[in-house]
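The values are calculated or read from the model by the stated rules, or taken from the named source; none is laboratory data. All values reported here derive from a predicted model rather than from experimental measurement. A quick note on method: Cβ atoms are made from the backbone with ideal geometry, for glycine too, and the neighbour counts reach across all protein chains shown. The accessibility values were calculated without ligands, DNA or RNA, using every heavy atom of the protein model including side chains. Shrake-Rupley method; radii C 1.70, N 1.55, O 1.52, S 1.80 Å.
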Amino acid sequence: MPQYIHDNTDDEISHFRFINAYLASIRATPVNLDPYRTLPSSTATGARQIGRLTNLMQLTVDTSWWTKYRSSANNPDLDPTFVFPQAVPSLAKGQYPAIPRSDADLTPDKHIQAIANTAGFHFAFIEQGGTSLYPALAQRVTSVDVLRILLSIGPTETAHFQTWQDKAGNAPALTDPTTPSLVFPDLNSPPFDGETYQTNLIMPEPCPFLDRKFPSCSIIRPINTEGAAMGAVNALTADGLFIGQSQAFFQVIGQLALLADSAVRGM
């Protein structure tokens with residue numbers, strides 16, 4: 001898991017550095033969120049005391065991506081009102097840390113394991129959003145260079161998603177002794193057994209695509225373009241990732257999302 005975290009981080013840093021350099025090359029304004037690095041770090045031993053953009057200590061993780069990618073009957077593009085079940089229902093209800101908040105979180109063993117489990121499911125939640133976002137936005141661009149960027153970076157997000165989906169599948173079933181409301185079920189045992197929850201099904205199950213008159217197809221989902229960027233911002237906000245951020249921060253990322261969603265593909 002530490003190796004995956006470092007590799008994932010290296011990839012994402014390369015993405016934002018490349019995109020900002022590309023924006024500068026075409027005389028567009030690079031994105032700089034450094035003024036909003038104001039959230040506190042963990043006080044656990046080893047944590048770097050730096051201003052943070054994100055809050056990893058109060059997460060409400062949507063784990064419906066688990067059943068969304070295992071469903072052979074429903075596709076959010078075709079069934080926007082269908083509610084995919086949560087793999088870990090309690091993660092979607094409370095606010096839980098994905099990193100130790102202090103040294104007090106390092107024990108007992110099942111508590112720090114619950115934090116690691118939360119991190120595994122949260123990484124996958126983040127990456128499935130990126131997996132969908134790139135093909136969704138690619139449908140709106142005109143520039144061939146921008147299309148190449150989206151089609152080249154997007155698959156790396158999918159690689160991240162599959163990696164973290166596999167890692168989340170290794171999360172041991174347990175109840176957090178420190179926060180008993182957090183329960184990780186055994187997703188291979190009743191009542192969760194079956195294709196909908198099976199932990200080693202880390203490739204997208206074929207589902208309806210474009211129109212139900214066609215055979216089912218293994219695809220990335222969803223990829224509807226309308227409101228895709230704002231949908232990502234709203235999902236990350238609901239996740240608790242930005243708890244404690246300023247209204248100015250939300251205005252900036254909201255404006256960036258509106259600009260992305262307003263793009264219209266030309267000839």
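Things worth noting here:
- Of the residues Phe250, Phe192, Phe161, Phe214, the single one that is out of contact with any strand residue (DSSP E or B) (no Cβ under 8 Å at 6 or more places or on another chain) and within 16 Å of Gln86 (Cα to Cα) is Phe192.
- Residue match in the range 188-197 (condition: part of a loop (DSSP other than H, G, I, E, B) and within 19 Å of the chain's Cα centre (by Cα)): yes
- The range 238-265, residues that are open to solvent by 70 Å² or more (accessible area, probe 1.4 Å) and in contact with an Asp or Glu (Cβ under 9 Å, 6 or more places away or on another chain): Ala238
- Within this structure, Ala87 fails the test of being over 15 Å from Leu187 (Cβ atoms) and either among the small types (Gly, Ala, Ser) or touching a Cys at 6+ places or on another chain (Cβ under 7 Å) (or both).
- Within the range 100-119, the set of residues being of a type outside the set (Val, Ile, Thr), part of a helix (DSSP H, G or I) and either touching a strand residue (DSSP E or B) at 6+ places or on another chain (Cβ under 7 Å) or surrounded by fewer than 22 Cβ atoms within 10 Å (Cβ to Cβ) (or both) comprises Asp103, Ala104, Asp105, Leu106, Asp109, Lys110, His111, Gln113, Ala114, Ala116, Asn117.
- Against the numbered list (1) surrounded by fewer than 12 Cβ atoms within 10 Å (Cβ to Cβ); (2) in contact (Cβ under 8 Å) with a residue 40 or more places away in the chain, Asn74 comes up short only at (1).
- Test: residue in the range 36-48 that is open to solvent by 60 Å² or more (accessible area, probe 1.4 Å), among the charged types (D, E, K, R) and at pLDDT below 95: yes
- Complete set of residues in the range 81-99 that are in contact (Cβ under 8 Å) with a residue 24 or more places away in the chain and either small (Gly, Ala, Ser) or part of a loop (DSSP other than H, G, I, E, B) (or both): Pro85, Gln86, Ala87, Val88, Ser90, Ala92, Lys93, Gly94, Gln95, Pro97, Ala98, Ile99
- Filtered by the rule that a residue be part of a loop (DSSP other than H, G, I, E, B) and within 20 Å of the chain's Cα centre (by Cα), the range 1-36 gives Met1, Leu33.
- Verdict on Gln128 being among the polar types (S, T, N, Q), outside any helix (DSSP H, G or I) and either in contact with a helix residue (DSSP H, G or I) (Cβ under 8 Å, 6 or more places away or on another chain) or open to solvent by less than 50 Å² (accessible area, probe 1.4 Å) (or both): no
- Pairs where the first residue, in the range 24-42, is in contact (Cβ under 8 Å) with a residue 40 or more places away in the chain and the second is part of a helix (DSSP H, G or I), C-beta under 6 Å, 6+ apart: Tyr36/Phe249
- Selected residue (criterion: farthest from Ile149 (Cα to Cα)) from residues of the range 2-35 that are surrounded by 12 or more Cβ atoms within 10 Å (Cβ to Cβ) and among the aliphatic types (A, V, I, L, M): Ile5
- Ile153 vs. criteria open to solvent by less than 40 Å² (accessible area, probe 1.4 Å), part of a helix (DSSP H, G or I) and β-branched (Val, Ile, Thr): yes
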